């Protein structure tokens with residue numbers, strides 16, 4: 001009887017290399033002036049941060065500071081991977097005014113809304 | 001037809017190949033956004049910051065991930081050979097009249113305790129909080145350090 005299951009050998013070239021990233025946790029708030037986004041990326045400092053705007057999306061990439069490991073590992077819960085998360089932006093945001101602040105491994109992104117989008121009172125004239 | 005059992009030995013080998021690639025797929029599935037599932041266990045136990053513990057011949061080094069906190073919100077204490085890291089992250093009302101879209105960050109109290117396998121000099125413990133990582137270096141007491149013992153042969 002012939003073998004029922006046949007496997008194709010996986011060519012080494014077929015395997016694609018991919019880098020694993022951790023998804024950082026975020027808090028997102030909206031006020032009438034804009035959005036505020038807080039992302040937790042412990043082990044990342046200002047130099048390791050890469051924020052890219054592409055179309056209507058924003059990509060946050062945080063590269064960890066290289067830590068010299070000395071000695072024997074007794075417990076490991078942290079990951080060595082870098083952080084990455086992509087968000088879709090509300091078109092009301094004025095992308096030229098986006099600002100970022102990095103403090104103790106926490107990124108605070110401020111994304112103000114464009115002036116004309118903010119609710120504004122219209123005065124009725126007689 | 002023969003009533004002997006069909007020998008699946010060669011089939012089994014091929015089957016393993018398939019199974020291991022399936023497992024690779026599953027591993028990758030759980031590694032990616034589904035790792036959130038692993039974090040749901042934290043919803044029940046509260047916030048437990050990740051720890052790494054290293055040991056070299058002179059020190060123990062404990063690293064805890066505590067992003068976005070202030071130094072005074074973190075408390076480190078050593079008692080009976082057990083290192084305890086605790087603190088509270090208070091909810092700050094930073095934004096006026098804000099609508100909250102997502103809150104994934106943890107707030108509130110946390111505590112992690114690590115029992116050290118060897119005694120340490122409590123007065124020489126150092127703690128540093130940088131880039132959201134708390135690094136605690138605990139020097140071992142002289143007696144606990146590994147020593148070479150010379151063997152004399154008569």
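Could you list, in sequence order, the residues of the stretch B:89-104 that are at the interface with chain A (Cβ under 7 Å from one of its Cβ atoms) and part of a strand (DSSP E or B)?
B:99, B:100, B:101, B:102, B:103
If we scan the stretch B:64-75, do we find a residue that is facing chain A (nearest Cβ under 10 Å), within 23 Å of residue A:23 (Cα to Cα) and assigned to a strand (DSSP E or B)?
Yes, that holds for at least one residue.
Of all the residues that make up the stretch B:138-153, how many are closer than 22 Å to residue B:84 by Cα and either over 28 Å from the mean Cα position of the chain (by Cα) or at pLDDT below 75 (or both)?
1
Answer yes or no: is there a residue in the stretch B:79-88 that is under 26 Å from residue A:72 (Cβ atoms), within 11 Å of another protein chain (Cβ to nearest Cβ) and part of a strand (DSSP E or B).
No, the conditions are met nowhere in the stretch B:79-88.
Within the stretch A:78-92, take every residue that is more than 13 Å from chain B (Cβ to nearest Cβ) and surrounded by 13 or more Cβ atoms within 10 Å (Cβ to Cβ) and give me the one that is nearest to residue B:146 (Cα to Cα).
Top of the filtered list is A:82.
Report, by residue number, each residue of the stretch A:27-53 that is facing chain B (nearest Cβ under 9 Å), surrounded by fewer than 20 Cβ atoms within 10 Å (Cβ to Cβ) and part of a strand (DSSP E or B).
Within the stretch A:27-53, A:28, A:29, A:30, A:36 meet the criteria.
Any residue that is within 13 Å of chain A (Cβ to nearest Cβ), farther than 25 Å from residue A:67 by Cβ, modelled with pLDDT of 85 or more and not in a strand (DSSP E or B) - is there at least one of those in the stretch B:105-113?
yes
Cβ contacts < 6 Å: first residue within 14 Å of chain A (Cβ to nearest Cβ), restricted to the stretch B:122-136; second residue in a helix (DSSP H, G or I), any location; separation 6+ or different chain. Result?
Short answer, once both residue conditions are applied: B:129/B:71.
Tally time: how many residues in the stretch B:90-116 are surrounded by 12 or more Cβ atoms within 10 Å (Cβ to Cβ), more than 18 Å from the chain's Cα centre (by Cα) and either outside the structural domain of residue B:131 (by TED's automatic domain parsing) or touching a residue at least 40 places away in the same chain (Cβ under 8 Å) (or both)?
Selection size over the stretch B:90-116: 1.
Can you tell me which residue among A:119, A:112 is in contact (Cβ under 8 Å) with a residue 12 or more places away in the chain, in a loop (DSSP other than H, G, I, E, B), farther than 19 Å from residue B:130 by Cα and over 15 Å from the mean Cα position of the chain (by Cα)?
Criteria check complete, one pass: A:119.
Pull out all pairs, ordered by first then second residue, where Cβ-Cβ is under 7 Å, the residues are six or more apart or on different chains, the first lies in the stretch A:58-77 and is more than 7 Å from chain B (Cβ to nearest Cβ), and the second is part of a loop (DSSP other than H, G, I, E, B) and modelled with pLDDT of 90 or more.
Listed by first residue and then by second, the contacts come to A:58/A:89; A:62/A:24; A:62/A:41; A:62/A:44; A:63/A:44; A:64/A:43; A:64/A:44.
The values are calculated or read from the model by the stated rules, or taken from the named source; none is laboratory data. The model shown is predicted, which means the values in this text are computed figures rather than measured ones. Heads up, the Cβs are rebuilt from the backbone with ideal geometry, glycines too, and the neighbour counts pull from every protein chain shown.
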